[in-house]
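The values are calculated or read from the model by the stated rules, or taken from the named source; none is laboratory data. Note that the coordinates shown come from a computational prediction; the quantities given were computed from them, not determined experimentally. Surface areas here come from the heavy atoms of the whole protein model, side chains and all, with no ligands, DNA or RNA. Shrake-Rupley method; radii C 1.70, N 1.55, O 1.52, S 1.80 Å.
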Amino acid sequence: MRTLEEVQATLQIAKLQEEELQKTIHCLSFGENVSSADYCLLELDDTLCKLIEAGESLVIRGDTDEHAVLCTKDRTYDLKIADTSNMLMFVPDCRTPDQLTNSQENSHIVHTQIWGFSNSYWELRKQRPKLKKLKKVLMENPYEGPALGGKEEDTENRYTMEDLLESIQASEEELKTSLEAVHACQIDGYWRMLDFDYEMKLLGHVTQLVDSESWAFNRVPLQTCLEELAPLEPKQMIEHCLNCYGNRYSENDDVLYALDEDKVCRGMALMLLQNAVKFNLREFQEVWQQSVPEGMSTRLDQLKSVALVDRSSRPETINLLRVEDLSEDTLERFNQLFTLREKWTEDDITPYIKDLCGEKQSTGALLTKHARSSMQNGIKVFNSRRPVATWSHVN
C-alpha cells in the first residue's frame with residue numbers, strides 16, 4: 001500500500017499543490033477477482049430515487065424477443081445501454097468532498113477497495129407503455145357469453161392480472177387503464193375481452209329497455225336493469241355494459257347510470273363498419289342515425305381514431321381504421337398512414353398520431369419531424385419525408 005510520502009512525491013511530479021487538496025487522501029486498490037461483469041449500473045432520476053428510498057419496487061419486463069422496459073407502479077421506462085469512455089468504479093467506502101471535513105490539520109491516507117467497475121450503464125427514458133400485445137392475448141379467447149346447452153367453456157388462453165403483468169410491457173396502473181379502455185372485465189378471476197358481437201348484444205338489450213321504459217338517458221336505474229334483463233344475460237355482464245357505455249352515480253341510495261351518447265354512437269358505428277371495406281358516407285350516416293336510440297345524435301367527430309372519411313372520392317366514403325390496429329413504433333406508424341393515404345390534413349392525421357407523443361411533445365412537432373407540409377387548394381396537407389413501404393390494412 002502507498003505511504004503518505006509516496007503520495008506527496010506523486011503530487012510533486014504532477015505539479016499539484018498539496019495545500020489546495022483535501023486532507024483526506026483515498027488510495028484505491030482492486031479487490032480479488034474483480035470483474036466488469038459483476039455489477040450493472042442504472043441511472044435514476046430524482047423521482048425513481050425517491051421510490052427506491054421509500055421501499056417501492058422497480059420491475060424489468062419483456063419476453064426474450066422484446067426490448068426490455070423498466071416499470072414502476074404507474075410508469076414505463078425504456079432501458080438503453082449507454083457507453084462511457086471513463087471507467088466507472090464501485091467504491092462503497094469512498095467519501096465525496098461534501099462528505100469530508102477539514103478538521104484534520106495534516107494530510108492522511110484512507111485505503112479503499114474497488115468492488116467492481118464498468119464502462120457502461122443503463123439509461124432510462126420515460127416511454128409509452130407497449131399495450132398492443134394486450135388486446136392480442138385477450139382476443140385469443142374472447143368471452144361470448146355463458147355456455148349454453150351443457151357446452152363446456154374453453155378454459156385455455158385465460159389470463160389473471162399477474163399473468164398479464166408478466167407478459168405486457170406496462171406498469172400496473174397503465175395496464176388497468178388499458179383494460180378499462182378495451183372494455184375488458186374480470187370473470188372467474190380472469191381478465192376477458194368480450195366478443196364484439198356479444199358486447200353489442202348487451203348494449204342492444206340495455207338501450208331497448210331504456211326505450212321501452214321511457215327512461216331518460218341520464219337516469220338509468222341499475223337495479224331495475226339487472227332485474228329486467230337477468231333472464232337474458234348474467235347480471236355481471238349487464239352491469240359491465242353499463243360501466244362501459246355510461247357513467248355511474250348515486251342518488252338517494254339508488255345507483256343510476258347516465259348513458260354516454262358519444263360512446264353509444266361510436267359502438268353502433270363500429271358494428272356497422274366492421275364488415276364493410278368502404279361505406280358510402282351519406283348512406284352510412286343515414287343508417288347510423290337510425291341504429292342509435294331515439295333522442296341520440298350521431299356526429300362524425302365521435303369516430304376520431306376509429307374511422308376514416310375520404311372526402312376526395314366520389315361518392316364520399318368512410319371505412320374502419322382503428323388506431324389500436326396500427327404499429328406502436330413511430331416510424332412504422334407514419335409509414336402505414338402514408339401508405340393508406342399519400343396526403344393528410346392535420347385534422348385527419350392527428351387522431352392517429354396523438355398517442356405517439358411523448359411528454360411535452362405535440363402532434364405538430366411529430367409532423368415536423370416525420371412529414372413534409374405543402375398547400376393543396378388552400379389547405380395545408382402532409383406527406384411522407386421518405387419512400388413509403390407497402391403495408392396492407394385488413395379490417
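Using heavy-atom solvent-accessible surface (probe 1.4 Å) with all chains present, what is the largest-first order of CYS94, CYS357? Kindly include the intermediate steps, with their values, before the conclusion.
Numbers: CYS94 55, CYS357 30 Å².
Ranked from most to least accessible, the order is CYS94, CYS357.
LYS176: which aspartates and glutamates have alpha carbons under 16 Å from its alpha carbon, excluding same-chain residues fewer than 8 sequence positions away? Reachable aspartates and glutamates: ASP74, GLU162, ASP163, GLU166. Rolling a 1.4 Å probe over the protein heavy atoms leaves ARG372 with an accessible area of roughly 100 Å². Summary value for the range 259-307: 53 percent relative contact order, contacts being C-alpha pairs under 8 angstrom separated by 6+ residues. Taking a ≥ b ≥ c as the square roots of the Cα gyration tensor eigenvalues, with a/c under 1.5 meaning rounded and otherwise prolate when a/b beats b/c, else oblate, which class fits the range 316-395? Rounded, because the longest to shortest axis ratio a/c is under 1.5.
Summary value for the chain: 11 percent relative contact order, contacts being C-alpha pairs under 8 angstrom separated by 6+ residues. Taking the C-alpha atoms only, the angle from helix 172-181 to the longest principal axis of the chain is near 20 degrees. Across the range 89-180, the convex hull enclosing all Cα atoms gives 201 Å³ per residue. The listed residues CYS185, CYS40 rank as CYS40, CYS185 when sorted by accessible area, largest first, using a 1.4 Å probe.
Taking Cα atoms only, the orientation of helix 4-13 departs from the longest principal axis of the chain by about 80 degrees.
Partner aspartates and glutamates whose Cα lies under 12 Å from the Cα of LYS23, excluding those fewer than 8 positions away in the same chain, are identified as GLU105. Of all lysines in the structure, the ones whose alpha carbon falls short of 21 Å from that of LYS343, not counting any fewer than 8 places away in one chain, are LYS278, LYS304, LYS354, LYS369, LYS380. To the nearest ten degrees, helix 281-291 and the longest principal axis of the Cα atoms of the chain are 80 degrees apart. Taking all protein chains together, SER373, SER305, SER250 sort by accessible area into SER250, SER373, SER305, largest first [probe 1.4 Å].
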